[in-house]
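Laboratory data are not the source of any read-out in this text; all were calculated from the coordinates shown. Here the structure is a predicted model, which means the values were calculated and not measured. Note that we place each Cβ from the backbone using ideal geometry, even for glycine, and neighbour counts take in every protein chain shown.
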Amino acid sequence: MRRLTEKDEQGNWCLKGVAWEDLHAGSTLTKETSDRLYGALWKLMEYEDTGLSPEQVDGLTQVHS
């Protein structure tokens, strides 16, 4: 699965392709930003539907690294 988040040089993270300024209260929500947010929420829903805990996912990723 490709990552949906990224970090900048200072270690600040964000949703890939969406600037923090685009998420501030009062900002206009564009179609592109809306699509990216929906995609990220869809992936979160899929993860939650697995029933796995974050610790179980960590265990899986360590096995396959």
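Fewest-first ordering of Asp49, Asp58 by other beta carbons within 10 Å of each residue's beta carbon gives Asp49, Asp58. Partner aspartates and glutamates whose Cα lies under 14 Å from the Cα of Lys31, excluding those fewer than 8 positions away in the same chain, are identified as Asp22. Say R0 is 22 Å: what FRET efficiency, to the nearest 0.05, do Glu6 and Glu32 get from their beta-carbon distance? Using R0 = 22 Å, I get an efficiency of 0.85.
Each residue of the range 51-58 is assigned a 3J(HN,Hα), and the resulting list reads x, 7, 7, x, 5, 5, 5, 4 Hz, derived from the Karplus form 6.51 cos²θ - 1.76 cosθ + 1.60 (θ = phi - 60°), x at Gly and Pro. Evaluating 6.51 cos²θ - 1.76 cosθ + 1.60 at θ = phi - 60° for every residue in the range 9-21, the Karplus couplings come out as 4, 8, x, 6, 9, 7, 6, 3, x, 10, 6, 4, 4 Hz, glycine and proline recorded as x. Which of these values of semi-axes √(5λ) of the Cα gyration tensor in Å was calculated from the structure shown: (i) 29, 19, 9; (ii) 26, 10, 9; (iii) 27, 16, 9? Label (iii) holds the value from this structure. Counting only alpha carbon atoms, the long axis of helix 31-50 and the longest principal axis of the chain meet at about 20°.
How do Lys16, Lys31 line up, fewest other C-beta atoms within 10 Å first?
Lys31, Lys16
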